[in-house]
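Engineer: Sharing a structure with you now.
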Amino acid sequence: MEILIQPSAEAGCLLAAKIIARVVREKPAAVLGLATGRTPLRLYKELIRMHREEGLDFSKVTTFNLDEYVGLPASHPQSYRRFMDDHLFAHINIDRARTHVPDGMAEDLLAECRSYEQRIAAAGGIDIQLLGLGRNGHIGFNEPTGSLRSRTWIKILSEQTLRDNSEVFGDSESAMPKHAITMGVGTILDARQCLLLAFGPSKVRAVEHMIEGPLSAICPGSALQMHPRAIVLLDENSAAGLRYADHYRWIDQHKLDWQRYS
């Protein structure tokens, strides 16, 4: 993994936007894997700015989102389709027909999972997959103890994930979906490049286990240790538990010019 420790979450998101923009500029018909949640919001704002002020063109881009709650229609305020429409798609020149989010309302959920894998393959695979990291080490909605070779499937959300996400659904426990369709770890690892963002003190333990712990299904994010082009963007808070933080900084400082992102 390539570990990039930034001064702040803001700086991390701006660098992530540069990395994604480079992919789109080098390959106008790029296939982007996208993520939702609070972490990538600043990144999406920067991509919107780049589109409006620098002409970053998304007209030929195809996107696939990591996951979606089971039982939420696309119009629901907390659906991930709605999130992407509100925070990115409505503000750039992307063809909505090229934007894909799993259908949590599908009559046959298993068929939807198989179809999602087929659509990714038909698009030529994902060029860069954006990821966040759960406090329990999950990527997508792949919770601890799940298979590191899993494909898009229906996952039962852990108690930790339910607690972390429940605030956006209000106080009612029944309002929070307990299942989601998610790309599997194996699906994520098929992407030609992975870009993971993890910021803040609440992610210290997960970051430590993902980067410096053993490869283990207990920390699904650790599977990125096997990926040939995985970039991990951290801030000083989330990197606080890393034993080799100084080494990662040294490596970053001594890159060749063509290896740098900014």
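Engineer: Tell me the relative contact order for the range 2-259 as a rounded percent, counting alpha carbon contacts under 8 Å between residues six or more apart. Spell out each step's value before the answer.
Structural biologist: Values: 503 pairs, mean separation 62.4, N = 258.
The value is 24 percent.
Engineer: Which ³J(HN,Hα) values in Hz, rounded to whole numbers, follow from the phi angles of the range 22-32 under the Karplus curve 6.51 cos²θ - 1.76 cosθ + 1.60, where θ = phi - 60° and Gly and Pro get x?
Structural biologist: Result, rounded to whole Hz: 4, 4, 5, 5, 6, 9, x, 9, 4, 10, 9.
Engineer: Ordered by residue, what ³J(HN,Hα) values in Hz, to whole numbers, does the range 61-68 give under the Karplus form 6.51 cos²θ - 1.76 cosθ + 1.60, where θ = phi - 60° and Gly and Pro are x?
Structural biologist: Once θ is set to phi - 60°, the couplings for the range 61-68 become 6, 10, 10, 10, 7, 4, 7, 7 Hz.
Engineer: By its C-alpha gyration tensor, with a ≥ b ≥ c as the square roots of the eigenvalues, how is the range 1-83 shaped: rounded for a/c under 1.5, else prolate for a/b larger than b/c, else oblate? Numbers along the way, then the final one.
Structural biologist: Numbers: a/c = 1.81, a/b = 1.30, b/c = 1.39.
Oblate.
Engineer: So, with +1 on the Cβ of K and R and -1 on the Cβ of D and E, and no other charges, what is the size of the charge dipole of the chain about its Cα centre, to the nearest 20 debye?
Structural biologist: Numbers: 30 positive and 32 negative charges, 108 e Å.
Taking the Cα centre of the chain as origin, the dipole is about 520 debye.
Engineer: If you filter the range 42-83 for trypsin sites (Lys or Arg not before Pro), then keep DSSP loop positions with at most 15 other Cβ within 10 Å, what is left? Provide the component values of the computation, followed by the final result.
Structural biologist: Numbers: sites: ARG42, LYS45, ARG49, ARG52, LYS60, ARG81, ARG82; in loops: LYS60.
Taking the range 42-83 and a limit of 15 other Cβ atoms within 10 Å, the loop trypsin sites (Lys or Arg not before Pro) found are LYS60.
Engineer: Here is a further query. Towards the positive end of the charge dipole of the range 2-259, with charges on Cβ (+1 Lys, Arg; -1 Asp, Glu), say which of SER166, SER150, HIS87 has the farthest Cα.
Structural biologist: SER150
Engineer: Rounded, prolate or oblate: which fits the range 114-262, taking a ≥ b ≥ c as square roots of the Cα gyration tensor eigenvalues, rounded meaning a/c under 1.5, else prolate when a/b beats b/c?
Structural biologist: Details: a/c = 2.02, a/b = 1.26, b/c = 1.60.
Note, shape of the range 114-262 comes out oblate.
Engineer: Right, next: Quick check: Cα centre of the range 117-181 to Cα centre of the range 24-92, how many Å?
Structural biologist: Each part's Cα centre sits 17 Å from the other's.
Engineer: Work out from phi, with θ = phi - 60° and the Karplus expression 6.51 cos²θ - 1.76 cosθ + 1.60, the ³J(HN,Hα) of each residue of the range 102-114, listed in order in whole Hz, and give x for Gly and Pro.
Structural biologist: x, 8, x, 9, 4, 5, 10, 5, 5, 5, 5, 4, 5
Engineer: Another question, if that's okay. Give the share of C-alpha pairs in each 5 angstrom bin for the chain, from 0 to the last occupied bin, in whole percents, shortest bins first.
Structural biologist: 1, 6, 13, 18, 20, 18, 13, 7, 2, 1, 0
Engineer: I want to check the label-to-label distance for ARG49 and LEU110. Put each point 7 Å from Cα in the C-beta direction and report it in nm to one decimal.
Structural biologist: Simple spin-label model gives 4.8 nm for this pair.
Engineer: So which trypsin sites (Lys or Arg not before Pro) in the range 141-193 pass both tests, a DSSP loop state and at most 14 other Cβ atoms within 10 Å of the Cβ? Intermediate values should be presented prior to the final figure.
Structural biologist: Working: sites: ARG149, ARG151, LYS155, ARG163, LYS178, ARG192; in loops: ARG149, ARG151, LYS178, ARG192.
Hits after loop and neighbour filter: ARG149.
Engineer: Counting only pairs 8 or more residues apart or on different chains, how many lysine pairs in the chain have their Cα atoms under 15 Å apart?
Structural biologist: On the way: LYS18/LYS27; LYS18/LYS45; LYS27/LYS60; LYS155/LYS178.
Close lysine pairs under the 15 Å cut-off: 4.
Engineer: Quick query: amide H of LEU195 versus all other amide H atoms, modeled in the peptide plane; which residues come in under 5 Å with a sequence gap of 5 or more or a different chain?
Structural biologist: Hits under the 5 Å cutoff: GLN129, LEU130, LEU131, ILE231.
Just so you know, all these numbers are worked out from the coordinates, no wet-lab data involved. Note that this is a predicted model, so its numbers are computed, not measured. Here Cβ is always computed from backbone atoms with ideal geometry, including for glycine, and neighbour counts include all displayed protein chains.
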